[in-house]
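Step one of this worksheet: look at the structure below.
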Amino acid sequence: MHINGESVDCESKELIKVINPATNQVIAAVPKGGKAEAEKAVDAAYTAFKEWSVKTAEERAKLLMKWFYLIEENIEEIARIMTREQGKPLKEAIGELNNANSYISWYAEEGKRIYGETIPSSHPNKRILVLKQPVGVVAAITPWNFPAAMITRKVAPALAAGCTAVIKPASQTPLTAIKLVELAHLAGIPKGVLNVVTGDARAIGDTWLQDDRVRKLTFTGSTEIGKQLMKGAAETVKKISLELGGHAPFIVMDDADIDKAVEGVIGSKFRNAGQTCICTNRIYVHESIEAVFNEKFSQAAKQLRIGNGLDQGTDVGPMIDLHAIDKVKEHIDDAISKGGEVLQGGSRVNLADGYYFEPTIISNAGDDMLCMTEETFGPLAPVATFNTEEEVIERANNSKYGLAAYVYTQNLSRAIRISEKLEYGIVGLNDGLPTVAQAPFGGMKESGLGREGGHYGIDEYLEVKYVSISI
Ligand SMILES: O=CCCC(=O)O
């Protein structure tokens, strides 16, 4: 762990094993921190806030950019760490790190543009001045599927805004987080500004929820845990951002460029072995193009090479663990029992004791199937058909989730109509990979609160204050 600029152990001396999902081998162990370590991290962040928050944005940007360049210089090494603890192919790990780093450079600049406002007063002898100020200590709880990007997406705007942070990375993927924080210290980011505590999620999370010095909680993970954190944060009325579950529909209209749609859905569905919150979960294809779409989609999925992410040429790595595999199997069994037909894949792959699963396509999907109503979080692509635009919009919106949706069409009016009607925070219009640092990533309904990325993303770490001046 890293607390107050130092690499530290935990009081209990207990350890958590880190397992490579490609081999099921233990590759490292990290301290199992708890309440004591979580408190120490907040002590450090709270103390560091006093000096960090009054630095100029320019000074903070210089340090953030040094961190950016160190990540860039060490990208291959960090990517290997990520692939070994998380499983994703090395090329995806490098892609994630470039994306993660782009949040650091983007926010290093954006921190310089935290503009206030002056508001004309209704009293002739008054002036109103609006200030934006850092919220204070930020607690970031991050998931295993993006071990770097989910951290920088939170802490880059937080630090640029003048906040300090305590991070709890997922127990499956703490090594990338530790490496990133080590590099931050090497870059000269002062001690206490960025702290990482590994260990018991419940003990650490509860400690931070109860601590009123923590003024902001930011979390990416399941809707179930997000709801618990939201309740916990209410005790001390913290600001919160939640990036929760998704159940993305991928709509292919009859006028779509089918090759482009297939390319889009392959990326959107199978990257990270289907384990991203904006992965396509259910596909709706116009009934007139079903046969040709399914043929091309199956052919493309068949080309994907499954293997250890460290091996050259691997397209799809292992899933994170057995639990993840079981959920995919459950969704496939349920779909088959309800009339689904397996066009491609469908089975676990026995390779080096790892958690591999074939990219799987199921046709004849019905709205009553688990995979059409719940987030699968794995490489399963159910394809359903539809007849009219109104019908598909209604079916796409019929979900408690509202994170990302995808639409493929070449008709401009239709593209705009559908994009406006989809109840989702992100719409990929002829675009299967919409995530970038300058755009406001986030969900509607039970997919979350707040936005990460773009100028919206820094507001999450700022308080608005107005000064009423009588002259
Ligand atoms: O899983 C959530 C993040 C997905 C992305 O960054 O595109």
- Working carefully through the options 300, 273, find the one that is over 22 Å from residue 397 (Cα atoms), over 21 Å from the mean Cα position of the chain (by Cα), in a helix (DSSP H, G or I) and among the aliphatic types (A, V, I, L, M). 300
- Only one of (1) open to solvent by less than 10 Å² (accessible area, probe 1.4 Å); (2) among the basic types (Lys, Arg); (3) within 13 Å of the ligand (Cβ to nearest atom) fails for residue 271. Which number is that? (1)
- Item | Output for the range 413-471, where each listed residue is assigned to a strand (DSSP E or B) and among the hydroxyl-bearing types (Ser, Thr, Tyr) | 466, 468, 470
- Message: Contact list please: Cβ distance under 8 Å, first residue in the range 91-104 and open to solvent by 10 Å² or more (accessible area, probe 1.4 Å) and at pLDDT below 95, second residue among the hydrophobic types (A, V, I, L, M, F, W, C) and assigned to a helix (DSSP H, G or I), pairs at least six apart or on different chains.
- Response: none
- Residues located in the range 105-152, provided they are open to solvent by 10 Å² or more (accessible area, probe 1.4 Å), under 25 Å from residue 89 (Cα atoms) and not polar (S, T, N, Q): 141, 143, 144, 146
- Meets criteria (within 27 Å of the chain's Cα centre (by Cα) and assigned to a helix (DSSP H, G or I)) for residue 293: no
- Filter pass, residue 263 being of a type in the set (Asp, Glu) and free of Cβ contacts under 8 Å to residues at least 60 places away in the same chain: no
- Selection from the range 85-104 of residues in contact with a helix residue (DSSP H, G or I) (Cβ under 8 Å, 6 or more places away or on another chain) and under 16 Å from residue 317 (Cβ atoms) yields 85, 86, 87, 88, 89, 90, 92, 93, 94, 96, 97
- Subset of the range 195-220 that is among the β-branched types (Val, Ile, Thr) and within 16 Å of the ligand (Cβ to nearest atom) - its residue that is surrounded by the fewest Cβ atoms within 10 Å (Cβ to Cβ): 220
- Message: Is it the case, given these coordinates, that residue 399 is surrounded by 18 or more Cβ atoms within 10 Å (Cβ to Cβ), among the hydroxyl-bearing types (Ser, Thr, Tyr) and either at positive phi or within 16 Å of the ligand (Cβ to nearest atom) (or both)?
- Response: no
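Search the range 241-259 for residues being over 17 Å from residue 383 (Cβ atoms) and among the charged types (D, E, K, R), and hand back the single one that is least open to solvent (accessible area, probe 1.4 Å). Before you say what the answer is, go through the steps one by one.
First, the residues of the range 241-259 that are over 17 Å from residue 383 (Cβ atoms): 241-246, 255, 257.
With among the charged types (D, E, K, R) added as a condition, the list becomes 243, 255, 257.
Details: 243: 8, 255: 43, 257: 64 Å².
Here the residue is 243.
Check 327, 338 and return the single one that is within 24 Å of the chain's Cα centre (by Cα), open to solvent by 60 Å² or more (accessible area, probe 1.4 Å) and farther than 16 Å from residue 23 by Cβ. Don't jump to the end; show me each part of the working.
Values: 338 fails: within 24 Å of the chain's Cα centre (by Cα).
Result: 327 is the single residue among 327, 338 that is within 24 Å of the chain's Cα centre (by Cα), open to solvent by 60 Å² or more (accessible area, probe 1.4 Å) and farther than 16 Å from residue 23 by Cβ.
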- Has the range 65-87 got at least one residue that is closer than 15 Å to residue 163 by Cβ, touching a residue at least 12 places away in the same chain (Cβ under 8 Å) and open to solvent by less than 50 Å² (accessible area, probe 1.4 Å)? no
- Message: Just the residues that are polar (S, T, N, Q), under 22 Å from residue 461 (Cβ atoms) and more than 16 Å from the ligand (Cβ to nearest atom), please, taken from the range 221-258.
- Response: 236
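Restricting attention to the range 172-186, and to residues there that are under 19 Å from the mean Cα position of the chain (by Cα) and farther than 19 Å from residue 40 by Cα, which single residue is most open to solvent (accessible area, probe 1.4 Å)?
Of the residues in the range 172-186, the ones under 19 Å from the mean Cα position of the chain (by Cα) are 172-181.
Next, from what is left, pick out any that are farther than 19 Å from residue 40 by Cα: 172-173, 175-176, 179-180.
Values: 172: 66, 173: 2, 175: 40, 176: 0, 179: 35, 180: 3 Å².
Per the stated criteria, the residue is 172.
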- Message: Tell me the residue from 189, 278 that is within 16 Å of the ligand (Cβ to nearest atom), open to solvent by less than 30 Å² (accessible area, probe 1.4 Å) and assigned to a loop (DSSP other than H, G, I, E, B), please.
- Response: 278
- Only one of (1) more than 30 Å from residue 11 (Cα to Cα); (2) more than 16 Å from the ligand (Cβ to nearest atom) is not met by residue 98, so which one is it? (2)
- Counting just the residues of the range 421-463 that are β-branched (Val, Ile, Thr) and within 11 Å of the ligand (Cβ to nearest atom), which one comes out farthest from residue 269 (Cα to Cα)? 436
- Sole residue being under 14 Å from residue 361 (Cα atoms) and charged (D, E, K, R), chosen from 333, 326: 333
- Query: Tell me, which strands (runs of 3 or more DSSP E) wholly within the range 120-171 include 1 or more residues that are more than 12 Å from the ligand (Cβ to nearest atom) and free of Cβ contacts under 8 Å to residues at least 40 places away in the same chain?
  - Reply: 164-168
- Query: Here is a list of conditions, (1) open to solvent by 60 Å² or more (accessible area, probe 1.4 Å); (2) over 27 Å from residue 255 (Cα atoms); (3) among the aliphatic types (A, V, I, L, M), and residue 291 meets all of them except one; can you say which number that is?
  - Reply: (2)
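The values are calculated or read from the model by the stated rules, or taken from the named source; none is laboratory data. Here the structure is a predicted model, which means the values were calculated and not measured. Counting neighbours? That spans all protein chains shown, and the Cβs are built from the backbone with ideal geometry, glycine included. Heavy atoms of the whole protein, side chains included, go into the accessibility calculation; ligands, DNA and RNA do not. Shrake-Rupley method; radii C 1.70, N 1.55, O 1.52, S 1.80 Å.
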